[in-house]
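The structure appears below as structure tokens.
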Amino acid sequence: MSDFDETTKTLNFDAPNSYVGRSVTRPNARRLAQGRGQYVDDIVLPRMVHVAYVRSPHAHARILGIKPKKAAAMPGVVRIVTGAEIAMVVKPYVGVLTHLAGMRSPPQYPLAVDVARWQGEPVVAVVAESRAQAEDAAEAVEVDYEELPAALDAERALDPSEPKIHKEFDSNLCFTRTVDTGGVDAAMKSAHLVVEDTIHFGRHTGVTMEPRAVLADYNRADESMTVYHCGQSPHMVQGIVASRLSLDEHRVRIVARDVGGSFGIKIHTYGDEIAACALSLMLNRPVKFAADRYESFLSDIHARDHRVKAKLAVDREGNMLALEIDDLTGVGPYSMFPRSSGVECNQILNLTGGPYKHKEYRAKGTVVFQNKNMMCQYRAVGHPIAIAVAEHMVDQAAAKLGIDPAEMRRKNLIPDDAYPYKSPSGMRFEALSHHACMDKLLELMDYDQLRRGQADLRKKGVCRGIGLSSFIEVTNPSPMFYGVGGARIAAQDGCTIKLDANGSIIAATGVTEQGQGTETIMAQIAATALGVEMSCVKVLTGDTDKVPYGGGTWASRAAGIGGEAVLQASLALKKNILEVGAVILKTSASELDIVDGKVVKKGTEQGLTLAELARICYYRGNELPVDFQPELVVTRHYRVKDYAFVFSNGAQGCSLEVDTETGFVKLLKMWCVDDCGRVINPKLVDEQARGGIVQGIGGALYEHCLYDDRGQLLNATMADYLVPMAAEMPDIVCAHVQTPTKTSVLGAKGAGEAGTGGAPGAIMNAVNDALRPLGAKVTQQPITPEVVLRALGKVR
Amino acid sequence: MNAPAETVEVELTVNGERVKRTVPARTNLADFLRLELELTGTHVGCEHGVCGACTVRVDGEIVRGCLMFAVQADGCRVDTVEGLSDSREIEELQSAFVLTNALQCGFCTPGILMAAQALLRDVPNPSREQIREFLSGNYCRCTGYQAIVDAIAAVAKARAGRAR
């Protein structure tokens, strides 16, 4: 049953048989649990060959010559192709967005041509009958390099003495932007207290369990290209493959079946993937590229390498007056196509201090090129930095003033009744619930008791810390995110839904599944809106030939945008079904409803099943009036119109213990209260929060891409690059506040990234809370034992 | 450079079926299962024994399929997620994983199920800490592990209840 009110445009989601708000299990999880998933590397096609790449061993080097002869004679080798040869087939791409004013990046080719600009950049493609043979031959390809001086340190990238990475530019500057409300200096001058710090965030990367993979299948007979792609945004990839390879876009089909983790890693244009498509075109047969883990570390995008100088001014009572930040980041030698590598910095400028009600704000962002692997958007883009910086500064000021961190936040968070609200950086918030979330968080944590326990243990020499963070999260982005900047990335999404001949419902959506539960929640929404059992709804995703044009899954948009499209399509289909029902039952549609898969007269159980209605429509149209044509397939689209982004918000807490002898940080427990608007599936939202928090923990405590002074990545293996493991992770308590957005009937905001965004700030505050009585402070992530011991003065 | 060309004959029992293949001597067990037998439920995540995605059972003991040559499994009994699913040996664990949403992308899941079944065989009623410790060789990047621990603990409890 679904009581959609046409006048108020609201739906009763609390109806007894509504699936919305229920923790139903994921039907597709069963298949994955039996090992019956189908990831790209599981797919085998007739005449398929494999490509391996020769990658630059240098951070910056001129390619003097390539000698493939010996390799070409090796067993199984089909073709060896250089960067220059690929460049004859592929149009270059430029990763800039026009709304990030002044941003620049030179044209980029899939493989290096003449000059390699990071260690790991693909240089030569070797195609062979098996991946093993391709790898053997790749080792035998001789490439002569002249190593060039490398620009590595972002701090020095703009010095005139630094090597210039691109001859067409006068410096290594990619993008710069400032935000200024105008009164920061005056506020700082008159403030009771100004706290100041420089915070460093280490480079880390997504480490999807399934490495990137692509299987391109060009068929010259019909000029079609089918690409099995392990990614998040099939239509975006369709446009890129078509335009770069000069193919008709409608003859390019992107299929994304099961994806073994993505987190933003698999949504960018990777040269090795585009080259695999080009090779399929050149060879007229299927070509598979499946990265090994070493290649993943060297070429999957990195993120988060930021240095932020921050200043916060407060009055005597602790009221925040002005915040100033200066963000510097090095993003590798190119801005990544098509989303650009300026967005993380841009987000930091937009979001830092966003939960708070200070009026004055000044921010400067500088994005520079360097000879390291490229950085781009990874889960929670910019949020972990923006949040950790503001939360750190709030705690610093609170400590100086002797105010408890919880009290400090209550004093400064934007009041829950102050919305709509515009932040000093220009962000417009529709409706947030910082205080409700903080209250709930403190209650969940039993904050006062936790503080008492901390004090008791302190007397026994146990060094515990409690940390809080309040946060906002960009979700449900409008075209103002990418489309406005010229990128062919859809902000709208669609759903085509149909009543099939046997009475089942098939819904095709442009958003994608990487395990979050996208297909499940879409089935929940459709079943609820239509009034049918969820088991009779099948959801199709991840195939450009089968789903409406859409953006895919990123920026926490699938539930809020894709879900609303499914809802609108379902309501439209229901209307059509009721019209058919009215004709068959000889009544008016307004007298009818669908209950448990049956069209009934409202308030009764009399009527006909959807299977019977479908049977009449599809097979026995002769029983219908001649002037009546049932339409049992409908498509609806949705985009966010009223706001640039629909922000979600929340609060996180962390309890941990620092071993002051070893520097080890042991997480004891984490708490998260998230307001993602209407919760469609509480269990799935909790699991997004937990998984997200653990990725945030990774960045805060363990994960770091370590480069040496020649630009060599030192820890490009899973044994050397630390990701969170089961034994170190705490249990995480999750709860919700629900403030449904009015920008849609569904009211859902995104939930995929809040965990990752909020955790590093809470953790760093907890560590500093633990260290404060010892006069020590950490200002860099990951907070490794070495960082802690340095802060304690125990190592130099 | 001659080594890759050297082939060996391997004969073993996989999921109860006898199979015989001639493969390059360097073929590891994970690749053998995936490429020769098309048992793609065994996943390859790191290829050097860290992530646990390729965990399979050889003569009853869990091993890293990427750290063992196929030829080393000659004459052995190998079980993969497909086999344990078809025999329903791990059905209870699989149901618990679905119920607690202990998997998202599912890439690590077959390996984790293998490990979980091995743990519960040796330690019928493990503590949460023991479960977490045992899973230290199995990376999951989606869930944060808590739901996995919940699922395994729930199965242990259910089995203990029946044993009583």
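The values are calculated or read from the model by the stated rules, or taken from the named source; none is laboratory data. Model, not experiment: these values are computed from the prediction. Reconstructed Cβ throughout: ideal geometry from the backbone, glycine too, with neighbour counts over all protein chains shown.
Odds and ends about this structure:
- Among the candidates A:Gly531, A:Gly562, residue that is among the small types (Gly, Ala, Ser) and within 24 Å of the chain's Cα centre (by Cα): A:Gly562
- Sole exception among (1) within 19 Å of the chain's Cα centre (by Cα); (2) within 14 Å of another protein chain (Cβ to nearest Cβ) for A:Phe647, by number: (2)
- Considering (1) under 30 Å from A:Pro724 (Cα atoms); (2) modelled with pLDDT under 95; (3) buried (at least 16 other Cβ atoms within 10 Å of the Cβ), the lone condition that B:Pro4 does not fulfil carries the number (1).
- For region A:694-736, a residue qualifies if it is of a type outside the set (A, V, I, L, M) and more than 14 Å from chain B (Cβ to nearest Cβ), and the qualifying residues are A:His704, A:Cys705, A:Tyr707, A:Asp708, A:Asp709, A:Arg710, A:Gly711, A:Gln712, A:His736.
- Close pairs (6 angstrom Cβ cut-off, 6 or more residues apart or separate chains): at pLDDT 95 or above in region B:15-34, small (Gly, Ala, Ser) anywhere: B:Asn15/B:Gly83; B:Val23/B:Ala70; B:Thr27/B:Ala70; B:Leu29/B:Gly65; B:Leu29/B:Ala70; B:Leu29/B:Ala73; B:Ala30/B:Gly65; B:Phe32/B:Ala70
- A:Lys440 meets the conditions (1) at pLDDT below 95; (2) in contact with a strand residue (DSSP E or B) (Cβ under 8 Å, 6 or more places away or on another chain) in every case but one. The failed one is (1).
- Test: residue in region A:293-302 that is within 14 Å of another protein chain (Cβ to nearest Cβ) and either in a loop (DSSP other than H, G, I, E, B) or touching a helix residue (DSSP H, G or I) at 6+ places or on another chain (Cβ under 8 Å) (or both): yes
- In the set (1) surrounded by fewer than 22 Cβ atoms within 10 Å (Cβ to Cβ); (2) more than 17 Å from A:Ala559 (Cα to Cα), the condition left unmet by A:Ser478 is number (2).
- Looking only at region A:232-266, residues that are assigned to a helix (DSSP H, G or I) and of a type in the set (Val, Ile, Thr) come to 4 in all.
- Lone unmet requirement of (1) touching a residue at least 40 places away in the same chain (Cβ under 8 Å); (2) surrounded by fewer than 23 Cβ atoms within 10 Å (Cβ to Cβ); (3) more than 14 Å from chain B (Cβ to nearest Cβ) for A:Val77: (3)
- Of all residues in region A:229-255 being surrounded by fewer than 24 Cβ atoms within 10 Å (Cβ to Cβ), of a type outside the set (D, E, K, R) and out of contact with any Ser or Thr (no Cβ under 6 Å at 6 or more places or on another chain), the one that is nearest to the other protein chains (Cβ to nearest Cβ): A:Val255
- Residues of region A:457-504 that are small (Gly, Ala, Ser) and closer than 30 Å to A:Lys598 by Cα: A:Gly494, A:Ala501, A:Gly503, A:Ser504.
- Residues in region B:124-148 that are more than 7 Å from chain A (Cβ to nearest Cβ), surrounded by fewer than 22 Cβ atoms within 10 Å (Cβ to Cβ) and assigned to a helix (DSSP H, G or I): B:Arg128, B:Glu129, B:Gln130, B:Phe134, B:Gly137.
- Yes/no for A:Thr269 being in contact with a strand residue (DSSP E or B) (Cβ under 9 Å, 6 or more places away or on another chain), assigned by TED's automatic domain parsing to the domain that holds A:Val77, of a type in the set (Ser, Thr, Tyr) and part of a loop (DSSP other than H, G, I, E, B): yes
- Scope region A:395-434; condition touching an Asp or Glu at 6+ places or on another chain (Cβ under 6 Å) and under 20 Å from A:Thr779 (Cβ atoms); matching residues: A:Pro405
- Region A:134-163 residues that are in a helix (DSSP H, G or I), paired with ones that are of a type in the set (Lys, Arg) (beta carbon under 8 Å, 6 or more apart): A:Ala140/A:Lys70; A:Ala154/A:Arg307; A:Glu155/A:Arg307
- Here the condition is being within 14 Å of chain B (Cβ to nearest Cβ) and either surrounded by 24 or more Cβ atoms within 10 Å (Cβ to Cβ) or of a type in the set (Ser, Thr, Tyr) (or both); of A:Ile265, A:Ile274, it holds for A:Ile265 alone.
- Whether a residue is within 13 Å of chain B (Cβ to nearest Cβ), over 29 Å from B:Leu93 (Cα atoms) and either at pLDDT 95 or above or in contact with a His (Cβ under 8 Å, 6 or more places away or on another chain) (or both) was assessed, and A:Ala71 passes this test.
- Residues in region B:27-42 that are under 11 Å from B:Val56 (Cβ atoms), touching a Lys or Arg at 6+ places or on another chain (Cβ under 8 Å) and not in a helix (DSSP H, G or I) were compared, and the one that is farthest from the other protein chains (Cβ to nearest Cβ) is B:Thr42.
- Taking strands (runs of 3 or more DSSP E) as the structural unit, those lying wholly within region A:566-660 and holding at least 3 residues that are closer than 30 Å to A:Gly461 by Cβ correspond to A:646-658.
- Strands (runs of 3 or more DSSP E) lying entirely in region A:460-542 (those with 2 or more residues that are closer than 30 Å to A:Met438 by Cβ): A:464-475
- Number of the exception - B:Val58 against (1) surrounded by fewer than 21 Cβ atoms within 10 Å (Cβ to Cβ); (2) among the β-branched types (Val, Ile, Thr); (3) touching a residue at least 60 places away in the same chain (Cβ under 8 Å): (3)
- Residue within region B:13-21 that is facing chain A (nearest Cβ under 8 Å), over 15 Å from B:Ala118 (Cβ atoms) and in a strand (DSSP E or B) present: no
- Top-ranked residue in region B:65-123 [being among the acidic types (Asp, Glu) and in a loop (DSSP other than H, G, I, E, B); ranked as farthest from the other protein chains (Cβ to nearest Cβ)]: B:Asp74
- The criterion of being away from chain A (no Cβ under 11 Å), closer than 20 Å to B:Thr13 by Cβ, among the β-branched types (Val, Ile, Thr) and under 16 Å from the mean Cα position of the chain (by Cα) holds for B:Thr55.
- Any hit, region A:23-46, residues being within 30 Å of A:Ser340 (Cα to Cα), within 14 Å of chain B (Cβ to nearest Cβ) and out of contact with any His (no Cβ under 8 Å at 6 or more places or on another chain): yes
- When the criteria are applied in full, A:Phe337 meets the requirement of being out of contact with any Leu (no Cβ under 8 Å at 6 or more places or on another chain) and among the aromatic types (Phe, Trp, Tyr).
- Taken together, B:Leu37, B:Leu29 contain a single residue that is farther than 30 Å from A:Pro724 by Cβ, outside the structural domain of B:Leu113 (by TED's automatic domain parsing) and buried (at least 16 other Cβ atoms within 10 Å of the Cβ), which is B:Leu37.
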